[in-house]
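One structure is given below, encoded as structure tokens.
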Amino acid sequence: MQQTVSLQKWLLEVLEPYKQKHGLRKKQFYTRTSKIPIKDVYTPQDLGDSWNYEEKLGYPGSLPFTRGVYPTGYRGRIWTIRQYAGYGDPEETNNIFKSLLSWGQTGLSVAFDLPTQLGYDPDDPLAYGEVGRVGVSTPTLREMELIFQEIPLDKVSVSFTINATAPIILAMFIAAAEKRGVPISSLAGTVQNDNLKELTARNAFIFPPRPSLKTSVDVIEFCVKNMPKFVPINVCEAHYREAGASAATAAGLAFSNAIAYLESTLERGLGIDSVAPKIAFYTYSHVDLFEEVAKFRAMRRIWAKLLRKRFGARDPASMALKIGTAVGGSVYTVEEPLINIVRGTIGALAAVLGGVQSMNIACFDEAYAIPTPQSLKVSVRTQQIIAYESGAADVVDPLGGSYYMEWLTDEMERRITEVMDRIEQAGGAVEAIIGGLYHQMVSTEAYNFQKEVEKGETPIVAHNIFKEDGGDEQEIEYYRFRKETYEKAVDRLMKTKQNRDSARVKASLKALREAAESGENIMPYILDAVKVYATVGEICEVLRDVYGEYREPPPI
């Protein structure tokens, strides 16, 4: 019978001779974005003698929540399948939402066009060419009513990817529901509402940093007091990833933003255990499977420590981080778009193994345009196959206890915390944003990653390796913007203005201005304004006058 060997004996007498004879395909192995050096194999020695199971892992649904926020994981309930969708016409968006629900999707996620995101009406000259191009045009309550026509708002949770105009969109949703007899307390869903991230990654901002923080916190405060089933903010790691930051840096910046939101909300007299359970995170899951799983696990552990030690939370719900994730995005290629389905599947599997609460897989045609019904259906079915056929959802935290996974989770936690400490030393999120530190950190990592791609050091199949000569873009059907979408939006807006009570609109905007100038929470006043069909553009014009507009500083 062959005897076992010690680690040192195996390294010297087995591994090294084998490597010298056969070689390795790379000189050094790293995780894909955080560039964490990784070894050939991991053993208990990599965790160290002081590594404590209950301190580092615990059990699912219990502190420190490394293994997940629910005791039964997905054995009790599958994550929310929430594909991101929105077409130029509200009627078209309504139709695709009904299709998604008929395919088994369990939540809705609304994509808005850029004018709606940036506070311009369809008839504004600055909106020309963008109305309905990358999402649904929603200048008034009328469009919101059409988007959700015949959709049971008391039964379906809805996510709104909206930030600078988040108070307006949320107010429209509330008003549309109330007109149908659905009380505000019954509405479930989330609004992204992460304006600090907009200033530093996605760039769909309107107001300067401090007013941006204020409007986000207005929404948080309003929802804490009035909407028990609604999540008022998704603190975003996702957009830092898509802007080029590593997994560790993106998570660290997101946590720093979350600290700013929490501190600002607590200054209004709300208790931490009434606010923290309402905060969720929105992330991106890329193609390095183990790096992503480790990130999700580390994020939950960091949040639990942060809430308990820094903020004094006592309710376990405050310390249990809820994570939604998108998959794909910047890791997709225009070359051979169908293979993006595979990339999306890997990212989705990582998200499931990492224990997220909701998921959207970017569609394979994302490099070309917003998705078609066909590509949306593929993304829904991908999630369903993982959920119901792969077995990945049948055990809670199935990678827990892997020496490599636990070492990598610890290392990811250390690196994320280093980023948080750096922002803290700069005076916190708002000061670091104003001083340009966020931009510096993200742009440096984005530049370095792009250099690696162009040199072939970071492989991307069909893009810089296994690339076909003579044109490798496949012919696929993709969504094409139609000019009549713009014309229809302008015509509907004109009719809405003709049929509304202009005096009531004027009075509501005056009240909003006074509230903004006095520092009051603007949500109740925006709700009054949208109910009389004040437009996104009209409301934002008032707020621009009061808060000013942000101009991004030149790069450092």
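The values are calculated or read from the model by the stated rules, or taken from the named source; none is laboratory data. What you see is a predicted model, and the numbers here were worked out from it, not measured in a lab. Note: ideal-geometry Cβ built from the backbone for every residue, glycine included; neighbour counts use all protein chains shown.
Summary table below
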| item | result |
| --- | --- |
| Count of residues meeting criterion [touching a helix residue (DSSP H, G or I) at 6+ places or on another chain (Cβ under 9 Å) and buried (at least 18 other Cβ atoms within 10 Å of the Cβ)] in segment 63-73 | 6 |
| Of all residues making up segment 90-109, the number that are farther than 15 Å from Glu484 by Cα and assigned to a helix (DSSP H, G or I) | 10 |
| Single unsatisfied condition, Thr106 versus (1) farther than 15 Å from Thr372 by Cα; (2) buried (at least 17 other Cβ atoms within 10 Å of the Cβ); (3) modelled with pLDDT of 95 or more | (3) |
| The one condition in (1) hydroxyl-bearing (Ser, Thr, Tyr); (2) more than 25 Å from Val352 (Cβ to Cβ); (3) in contact with an Asp or Glu (Cβ under 6 Å, 6 or more places away or on another chain) that Ser246 fails to fulfil | (2) |
| Members of segment 147-164 found to be out of contact with any strand residue (DSSP E or B) (no Cβ under 8 Å at 6 or more places or on another chain) and crowded, with 18+ Cβ neighbours inside 10 Å, listed by number | Leu153, Asn163, Ala164 |
| From the options Pro553, Pro524, residue that is surrounded by fewer than 20 Cβ atoms within 10 Å (Cβ to Cβ), closer than 27 Å to Ile434 by Cβ and of a type outside the set (S, T, N, Q) | Pro553 |
| Failed item in (1) modelled with pLDDT under 95; (2) closer than 19 Å to Gly324 by Cβ; (3) more than 14 Å from the chain's Cα centre (by Cα), with Leu262 passing the rest | (1) |
| Flag for Tyr550 being in contact with a helix residue (DSSP H, G or I) (Cβ under 8 Å, 6 or more places away or on another chain), aromatic (Phe, Trp, Tyr) and touching a residue at least 24 places away in the same chain (Cβ under 8 Å) | yes |
| Residue match in segment 490-511 (condition: surrounded by fewer than 16 Cβ atoms within 10 Å (Cβ to Cβ), out of contact with any helix residue (DSSP H, G or I) (no Cβ under 8 Å at 6 or more places or on another chain) and touching a residue at least 60 places away in the same chain (Cβ under 8 Å)) | yes |
| Residue check, Thr80 buried (at least 18 other Cβ atoms within 10 Å of the Cβ), modelled with pLDDT of 95 or more and farther than 30 Å from Glu541 by Cα | yes |
| Which listed residue is among the aliphatic types (A, V, I, L, M), farther than 18 Å from Ala251 by Cα and crowded, with 23+ Cβ neighbours inside 10 Å, from Ile385, Ile361, Ile339, Ile323 | Ile361 |
| Of all residues making up segment 447-461, the number that are within 15 Å of Val287 (Cα to Cα) and touching a residue at least 24 places away in the same chain (Cβ under 8 Å) | 4 |
| Selection within segment 162-220 - among the basic types (Lys, Arg) and either modelled with pLDDT under 95 or closer than 30 Å to Ala243 by Cα (or both) | Lys197, Arg202, Arg210, Lys214 |
| Which listed residue, of Ala298, Ala348, Ala276, is farther than 25 Å from Glu411 by Cα, crowded, with 22+ Cβ neighbours inside 10 Å and modelled with pLDDT of 95 or more | Ala276 |
| Check on Ile151, β-branched (Val, Ile, Thr) and in contact (Cβ under 8 Å) with a residue 60 or more places away in the chain | no |
